[in-house]
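S.K.: Sending over a structure as structure tokens; questions will come in a sec.
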Amino acid sequence: MLPQAPEQAGYYVYGTPTRGKAQYAHPSMLTLLLAVEREWSVTETRNFGVGNISVDGGAFFGHQSHRKGLEVDCRPVRKDGRHLPVTYNSPDYDLAATTKLIGLFRACAAAPLVIFFNDVRIPGTRRLTKHDDHFHVQF
């Protein structure tokens, strides 16, 4: 399970169900998240949001995927750094920081990734219904 509140972490957790019940990750995904967090923290004071991963490998209400711990939802970065949702067309959305974060996911991954997010200004992302307020990363 992704650590929920490590001291000085560069990420925060959100999602349903709460308290980490939806954040069971395959070791490859956990390694990726921690590598991105480490690189992100070098230059950023804002945390990035890590949401749903999987519910211990079982069926995940509201998701057709997220069953094997190889997919994760993350929030776009907010300009104000608040730990709240934001859509890519909101004035609070930070395009440059979100582009940087998605680039770190690609750079730190040991295998090719597919990233769904509806802000097509970010290279290498693909549009998918209901992905205005988070990006979905999968191996």
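The values are calculated or read from the model by the stated rules, or taken from the named source; none is laboratory data. No experiment lies behind these values; they were computed from the predicted model shown. Counting neighbours? That spans all protein chains shown, and the Cβs are built from the backbone with ideal geometry, glycine included. Each accessible area value is taken on the protein alone, full model and side chains, heavy atoms only, with ligands, DNA and RNA left out. Shrake-Rupley method; radii C 1.70, N 1.55, O 1.52, S 1.80 Å.
S.K.: If Ala97 satisfies all but one of (1) in contact with a Lys or Arg (Cβ under 9 Å, 6 or more places away or on another chain); (2) in a loop (DSSP other than H, G, I, E, B); (3) among the aliphatic types (A, V, I, L, M), what's the number of the condition it fails?
M.R.: Result: Ala97 passes all but (2).
S.K.: Looking at (1) free of Cβ contacts under 8 Å to residues at least 24 places away in the same chain; (2) in contact with a Pro (Cβ under 7 Å, 6 or more places away or on another chain), which is the one condition that is false for Thr129?
M.R.: Exception for Thr129: condition (2).
S.K.: In the range 83-110, how many are open to solvent by 20 Å² or more (accessible area, probe 1.4 Å), among the hydrophobic types (A, V, I, L, M, F, W, C) and modelled with pLDDT of 95 or more?
M.R.: So the count comes out to 7.
S.K.: Further, regarding this structure: May I ask you to verify whether Glu71 is in contact (Cβ under 8 Å) with a residue 12 or more places away in the chain, over 22 Å from Arg127 (Cα atoms) and acidic (Asp, Glu)?
M.R.: No.
S.K.: If you don't mind, another one. If only one of Gly10, Gly49 is small (Gly, Ala, Ser), under 24 Å from Arg126 (Cβ atoms) and buried (at least 18 other Cβ atoms within 10 Å of the Cβ), which one is it?
M.R.: Gly49 is the lone residue from the list that is small (Gly, Ala, Ser), under 24 Å from Arg126 (Cβ atoms) and buried (at least 18 other Cβ atoms within 10 Å of the Cβ).
S.K.: Is there a residue in the range 112-122 that is buried (at least 19 other Cβ atoms within 10 Å of the Cβ) and under 14 Å from Tyr12 (Cα atoms)?
M.R.: No, because not a single residue in the range 112-122 is buried (at least 19 other Cβ atoms within 10 Å of the Cβ) and under 14 Å from Tyr12 (Cα atoms).
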